[in-house]
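S.K.: Once you've had a glance at the structure underneath, I'll fire off some questions.
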Amino acid sequence: MFNPIHYSPSVETIGDDESQIVNDILAMMAASQRASMDRHRHAHRDAHSKSHAVLKARLTVRENLPAHLAQGIFSQPCSYEVMVRLSSAPGDIHSDKVPAPRGFAIKVIGVEGERLIPELDGRNQDLLMVNFPVIAFGTVAKYKKLLGLLEKNAQTPDFFQRIVAGTARASENFVEALGKTPGATLQGLARDNNNILGETYHTQAAIRYGAHVAKLSLQPKSDNVRSLTGELVEVDGHSTMRDVVREFFSSDGAEYDLRAQLCVDLDKMPVEDAAVLWEESLAPQESIATLTIDPQDSFSPARRVYGDDVLSFSPWNGIEAHRPLGSIMRVRKLAYERSTAFRHTGNAVERREPDSLDQVPD
Ligand code: HEM
């Protein structure tokens, strides 16, 4: 029988050395962001710095959701205004010729509920996803090791960024590639130059889902984006992916299906190691809402500046009912705050959470 576990704070286990590891990670990331700022004379995100689109959308919660799915911001059938930012994972702006994991960040505007960080401006719920179901370095200890390797291997930064976001499958591949041929491994992962609009995106790590615990994912729903799944994009320029998406939304809209996979067994579906795939044989992906994007200019100059310099997304910008869970989520609380503060200060741009899509420039 399908029996999702009940959330309680005891689903998380905080390691004795965690605060030290978190401090080390923050220091390493701050150093790389400062170096990028010095190179560009403009502060970028410390990860996912290159955007491909900034979109206005809406999220419609399904009617008649069963009780286990009608939780948190999905408790009632309703329609929310939403902002979306599509990105590539590296913390620097590289040519699209280098395949990279893709990010799909959603900002759900105006949600009810107790805030995770009451001092933060706004009443929005951010959901951050990447086009792979797990993050290969799924604990803070492993993540710190990865950052150390990244520093030592700065000549192949993209490869390592892919591992950060989990598109390189296992750490065996990583170790093998480190000693041998990262180039060959990169070729083997050419799937990442697939059309960004046809991909399926995942929170990778767990969140509280009201009374339960879940991972969320977003899958193409309308035929026009479903038909792009697996379609290789011929990259002939530095920013081909932006052009492909802009061309698409100049005439077409799209729909995506937002789904929740509820945890039924903390041993087989752990929250403390986000590298472990939650098998669908244990719990299905269940549809909870539809994301609808109408035709629009997805990358006008005003949109780009707004999405890149004004907006911030963080899994901790949200409500208690969707508390991020596990050590990889806990480190993100300070990592995102530090990165966003650095770039807003560095670019002398005021940080503003939207409370309506009217504030988003066309
Ligand atoms: C659980 C897996 C993760 C997923 C799915 C994920 C996803 C994302 C996405 C989609 C963005 C772009 C947000 C935007 O468009 O503004 C982003 C940004 C970022 N990520 Fe992650 N990420 C993950 C893990 C991590 C970890 C472990 C760290 C660091 C410890 C990290 C650090 C950052 C930072 C610093 C930013 C930029 C924040 C800003 O300046 O606004 N991420 N992430």
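The values are calculated or read from the model by the stated rules, or taken from the named source; none is laboratory data. Quantities reported herein were computed from a predicted structural model and do not represent experimental measurements. Positions of Cβ are backbone-derived with ideal geometry, glycine not excepted, and every protein chain shown enters the neighbour counts. The area values use the complete protein model at the heavy-atom level, side chains included, leaving out ligands, DNA and RNA. Shrake-Rupley method; radii C 1.70, N 1.55, O 1.52, S 1.80 Å.
S.K.: Across the stretch 46-64, which residue is least open to solvent (accessible area, probe 1.4 Å) among those that are among the aliphatic types (A, V, I, L, M) and in contact with a Gly (Cβ under 7 Å, 6 or more places away or on another chain)?
M.R.: Filtering first and then ranking leaves V54.
S.K.: Of the residues that make up the stretch 25-48, is at least one touching a strand residue (DSSP E or B) at 6+ places or on another chain (Cβ under 6 Å) and in a strand (DSSP E or B)?
M.R.: No - not one qualifying residue is present in the stretch 25-48.
S.K.: List the residue pairs whose Cβ atoms are under 8 Å apart, where the first residue sits in the stretch 286-303 and is within 20 Å of V244 (Cα to Cα), the second is assigned to a loop (DSSP other than H, G, I, E, B) and of a type in the set (G, A, S), and the two are 6 or more positions apart or on different chains.
M.R.: T292/G253; I293/G253; D294/G253; P295/G253
S.K.: Please determine, by comparing only the residues of the stretch 65-102 that are within 14 Å of the ligand (Cβ to nearest atom) and either without any contact (Cβ under 8 Å) to a residue 60 or more places away in the chain or at positive phi (or both), which one is most open to solvent (accessible area, probe 1.4 Å).
M.R.: Selected residue: I93.
S.K.: While we're looking at this one, here's another question. The conditions are (1) in a loop (DSSP other than H, G, I, E, B); (2) touching a helix residue (DSSP H, G or I) at 6+ places or on another chain (Cβ under 6 Å); (3) open to solvent by 50 Å² or more (accessible area, probe 1.4 Å), and S314 fails exactly one of them. Which is it?
M.R.: Answer for S314: the failing condition is (3).
S.K.: So, one more: Looking at (1) surrounded by fewer than 20 Cβ atoms within 10 Å (Cβ to Cβ); (2) of a type in the set (V, I, T); (3) away from the ligand (no atom under 16 Å from the Cβ), which one does V276 not meet, given that it meets all the others?
M.R.: Result: V276 fails condition (3) only.
S.K.: Examine the stretch 248-257 for a residue that is open to solvent by less than 40 Å² (accessible area, probe 1.4 Å), touching a residue at least 12 places away in the same chain (Cβ under 8 Å) and assigned to a helix (DSSP H, G or I), and state whether such a residue exists.
M.R.: Yes - at least one qualifying residue is present in the stretch 248-257.
S.K.: For a quick check of your reading of the model, give me the residue pairs whose first member lies in the stretch 326-337 and is hydroxyl-bearing (S, T, Y), whose second is in a helix (DSSP H, G or I), with beta-carbon atoms closer than 6 Å and at least 6 apart or on different chains.
M.R.: That search, which allows pairs on different chains as well, returns S327/V140.
S.K.: Now a separate question. Residue pairs, Cβ under 7 Å, 6 or more apart or interchain, first in the stretch 1-12 and among the aliphatic types (A, V, I, L, M), second assigned to a loop (DSSP other than H, G, I, E, B) and open to solvent by less than 90 Å² (accessible area, probe 1.4 Å). List them.
M.R.: I5/C263; I5/V264; I5/L266; V11/L266; V11/V271; V11/L325
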